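A.B. asks: This is the structure, below, for whatever I ask next.
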Amino acid sequence: MEGQEGPQQPHLVLANKLFLLSHPDVQDIEKVQLREEVFASVKADDMAPLYETLVSESVLPLDQSVLDSMRAKIQDELKKLDEKIADAEENLGESEVREAHLAKSLFFIRIGDKEKALEQLKVTESKTVAVGQKMDLVFYTLQLGFFYMDFDLISKSIDKAKNLFEEGGDWERKNRLKVYEGLYCMSTRNFKKAADLFLDSISTFTTYEIFPYDIFIFYTVLTSIISLDRVSLKQKVVDAPEILTVIGKIPYLTEFLNSLYECQYKSFFAAFAGLTEQIKLDRYLHPHFRYYMREIRTVVYSQFLESYKSVTIEAMAKAFGVTVDFIDLELSRFIAAGKLHCKIDKVAGVLETNRPDAKNSLYQATIKQGDFLLNRIQKLSRVIDL
């Protein structure tokens, strides 16, 4: 996979730098470097609309001469693009007209003018016949959506892409859409669907414009761990050759995955502590940091308790390499929230599991529904008798 890697979209790289600039956990000295890099990127691509927004939000200082220079360049470039469109409409064919409109769309995307970019993409779509080319326009819209984290735009674009695929479309674009949809699901806390979509795309991944392959594997492992059962995790993740070739490049991820599967809970907590920083500083995962932390702990505590009818709190604390007080407080929270099926006998210092039996609960539910139905029939028969 590495030999085929393409570059990530520059504006998505910029979006990540802007996220880190606003992050409270990033050191001030790093922010100085980030601010310089952001300013250089904005200046290089003449991103006057974005620059004005960043100045108004006090992210960047105002340099009026730079802003005037960017505006002048934008006006010159727009004049040239409009001339090309006029020339294509008068003297050339439909495909040349489409290409001229597409160039203007890409220019608006480059300078960070969201509204005009979306308008121009609609105009370009009206000049487009081929399904594949229409799909490419949807991908440009999705990239804009991820830059601004506009989930409404992303959701509508994904639905539009799926409708286009009903008319036709190649497998390469279908596989790319899975990654975009997976990223959208992960960003909106639908980790189960995100894991399924990412796992489907592992062997066909070509979506380097939104993130590199190692970041894709990072997301795949994190979403799979809290979504899959042990058997599926072993087959699809732990033993997957595509994951094994890359996972070693990501700090703590190998230990995180293998220690969970091999029930090495002390090592798991150590690796987990190392990964938290990466999750916290990730643009898409950061809003779900606390939720993910809770879910992963639920998974690991449930896995440990699965093996026991009862176990001492001390033994569990020792297995995880933490204090008895910590594990007592942790478990009491998860039990109260209905996440763990066990109870704490504080006097004896013992945990007793009371796992729900799926067949038994189904039987009880059937009896309950049957009683309810009989009562309704009896009431109905009385009304009919009257």
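A.B. asks: Of all residues in the range 275-311 being at pLDDT below 90 and not in a helix (DSSP H, G or I), which is least open to solvent (accessible area, probe 1.4 Å)?
C.D. replies: VAL311
A.B. asks: Give the residues of the range 261-274 that are without any contact (Cβ under 8 Å) to a residue 24 or more places away in the chain and either outside any helix (DSSP H, G or I) or surrounded by 15 or more Cβ atoms within 10 Å (Cβ to Cβ) (or both), sorted by residue number. Let's see the steps before the verdict.
C.D. replies: To start, the set of residues in the range 261-274 that are without any contact (Cβ under 8 Å) to a residue 24 or more places away in the chain comprises 262, 264, 267, 271, 273-274.
If the condition is that a residue be without any contact (Cβ under 8 Å) to a residue 24 or more places away in the chain and either outside any helix (DSSP H, G or I) or surrounded by 15 or more Cβ atoms within 10 Å (Cβ to Cβ) (or both), then GLU262, GLN264, SER267, ALA271 are the ones that fit.
A.B. asks: Still on this model: Enumerate the pairs (first residue in the range 22-50 and on the phi > 0 side of the Ramachandran plot and touching a residue at least 60 places away in the same chain (Cβ under 8 Å); second residue anywhere and in a helix (DSSP H, G or I) and acidic (Asp, Glu)) with beta-carbon separation below 9 Å, excluding pairs fewer than 6 apart on the same chain, so at least 6 apart or on different chains.
C.D. replies: Within 9 Å, the pairs are ASP46/GLU77.
A.B. asks: So, in the range 161-179, of the ones that are touching a Leu at 6+ places or on another chain (Cβ under 9 Å) and among the hydrophobic types (A, V, I, L, M, F, W, C), which residue ends up nearest to ILE215 (Cα to Cα)?
C.D. replies: VAL179
A.B. asks: Against the condition more than 17 Å from VAL13 (Cβ to Cβ) and not polar (S, T, N, Q), how does LEU78 come out, does it pass?
C.D. replies: Details: more than 17 Å from VAL13 (Cβ to Cβ): yes; not polar (S, T, N, Q): yes.
Criteria met by LEU78.
A.B. asks: Yes or no: ALA117 closer than 23 Å to LYS79 by Cα, open to solvent by 20 Å² or more (accessible area, probe 1.4 Å) and of a type in the set (Gly, Ala, Ser)?
C.D. replies: Values: closer than 23 Å to LYS79 by Cα: yes; open to solvent by 20 Å² or more (accessible area, probe 1.4 Å): no; of a type in the set (Gly, Ala, Ser): yes.
Spelling it out, it is not the case that ALA117 is closer than 23 Å to LYS79 by Cα, open to solvent by 20 Å² or more (accessible area, probe 1.4 Å) and of a type in the set (Gly, Ala, Ser).
A.B. asks: For the range 3-55, how many residues are in a helix (DSSP H, G or I), open to solvent by less than 80 Å² (accessible area, probe 1.4 Å) and among the polar types (S, T, N, Q)?
C.D. replies: So the count comes out to 3.
A.B. asks: Give me the pairs, please: first residue somewhere in the range 345-367 and farther than 18 Å from ALA315 by Cβ, second residue anywhere and modelled with pLDDT of 80 or more and outside any helix (DSSP H, G or I), beta-carbon distance under 9 Å, and either six or more positions apart or on two chains.
C.D. replies: Sorted first by the residue in the range 345-367, then by its partner, the pairs are ASN354/HIS341; ASN354/CYS342; ASN354/LYS343; ARG355/HIS341; ARG355/CYS342; PRO356/HIS341.
A.B. asks: Looking only at the range 308-329, decide whether some residue is of a type in the set (Asp, Glu), out of contact with any helix residue (DSSP H, G or I) (no Cβ under 7 Å at 6 or more places or on another chain) and more than 23 Å from VAL238 (Cα to Cα). Step through it out loud before you land on a result.
C.D. replies: Start the filter on the range 308-329 by keeping residues that are of a type in the set (Asp, Glu), which leaves 314, 325, 328.
Imposing the further condition that a residue be out of contact with any helix residue (DSSP H, G or I) (no Cβ under 7 Å at 6 or more places or on another chain) reduces the set to 325.
Right, trim to more than 23 Å from VAL238 (Cα to Cα) and you get 325.
Checking the range 308-329: at least one residue is of a type in the set (Asp, Glu), out of contact with any helix residue (DSSP H, G or I) (no Cβ under 7 Å at 6 or more places or on another chain) and more than 23 Å from VAL238 (Cα to Cα).
The values are calculated or read from the model by the stated rules, or taken from the named source; none is laboratory data. The model shown is predicted, which means the values in this text are computed figures rather than measured ones. Positions of Cβ are backbone-derived with ideal geometry, glycine not excepted, and every protein chain shown enters the neighbour counts. These area figures cover heavy atoms from the full protein model, side chains too; ligands, DNA and RNA do not enter into them. Shrake-Rupley method; radii C 1.70, N 1.55, O 1.52, S 1.80 Å.
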